[in-house]
1. Taking the stated definitions as given, is Val98 closer than 18 Å to Phe149 by Cα, surrounded by fewer than 17 Cβ atoms within 10 Å (Cβ to Cβ) and touching a residue at least 12 places away in the same chain (Cβ under 8 Å)?
2. Residues of region 59-89 being without any contact (Cβ under 8 Å) to a residue 12 or more places away in the chain, over 18 Å from Ala143 (Cβ atoms), hydrophobic (A, V, I, L, M, F, W, C) and surrounded by 12 or more Cβ atoms within 10 Å (Cβ to Cβ), which ones?
3. Among the residues of region 29-42, which ones are loosely packed, with under 12 Cβ neighbours inside 10 Å and of a type in the set (A, V, I, L, M)?
4. Where residues in region 112-129 are of a type in the set (A, V, I, L, M, F, W, C) and surrounded by fewer than 16 Cβ atoms within 10 Å (Cβ to Cβ), which of them is nearest to the chain's Cα centre (by Cα)?
5. Please determine, by comparing only the residues of region 1-51 that are of a type in the set (S, T, N, Q) and not in a helix (DSSP H, G or I), which one is farthest from Leu153 (Cα to Cα).
6. Among (1) closer than 28 Å to Lys164 by Cα; (2) assigned to a helix (DSSP H, G or I), where does Leu55 come up short?
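Computed from the coordinates by the stated procedures, all read-outs in this text should not be read as laboratory data. Just so it is clear, the model here is predicted, and its values are computed rather than measured. Counting neighbours? That spans all protein chains shown, and the Cβs are built from the backbone with ideal geometry, glycine included.
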Amino acid sequence: MKVIDAIDKGLAKAEEVIAMVFMSIMIIVVSLQVVNQAFLHFDNITWTEEVSRILLVWVVFIGGCIATRRGSHLAVSFIYDGLKGPVKLVVRVAVLLVCMFVCGYVCRSGIAMIGVQNMQGQFFGITRLPVWVASLAVPVCFAEMCLRFAIILIRELHTAMKGKNEGKEGEASC
């Protein structure tokens, strides 16, 4: 579990730093755009809209990774909350496996999308950056969310097995 915890902490730190840096750059770029449109009227800083859009895409998907880590995604849990014991664990494991499958599928689809964008030579109009720079957020972040769900699954199973083993030890000593 120490390795899992180290991976989890490393990913958490990277997510927060990258999100903070991208958000800070986005705020600066958007502020520059607003000041330019209101006061400066320079024609040569039209790139700000595209750059802010790319950064927004990354910030949104990194936010999804952070939400996965915190367990703060939207959920309908009234049935799950009423479950007890092994049934609750089985449902939890099934949900985590479905989440991992969906994230893996979206990651794979994102990679295919990037391949098409690269093959077609798609670029943003003003910055001439390749479109895949923004689209790369999809496979990267969904791969990380898949890893996050795997970490949660391992922890859930570890906790369940630990509780089972402690219960057996307690019964043997009585």
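1. no
2. Leu83
3. Matches in region 29-42: Val34, Ala38, Leu40.
4. So in region 112-129, the residues of a type in the set (A, V, I, L, M, F, W, C) come out as 112-114, 116, 119, 123-124, 126, 129.
Next, from what is left, pick out any that are surrounded by fewer than 16 Cβ atoms within 10 Å (Cβ to Cβ): 112, 116, 119, 123, 126, 129.
Details: Ala112: 19, Val116: 23, Met119: 26, Phe123: 25, Ile126: 28, Leu129: 23 Å.
Selected residue: Ala112.
5. Pass one, region 1-51, residues of a type in the set (S, T, N, Q): 24, 31, 33, 36-37, 44, 46, 48.
If we keep only those that are not in a helix (DSSP H, G or I) too, we end up with 44, 46.
Working: Asn44: 50, Thr46: 46 Å.
Here the answer is Asn44.
6. Among (1) closer than 28 Å to Lys164 by Cα; (2) assigned to a helix (DSSP H, G or I), Leu55 violates only (1).
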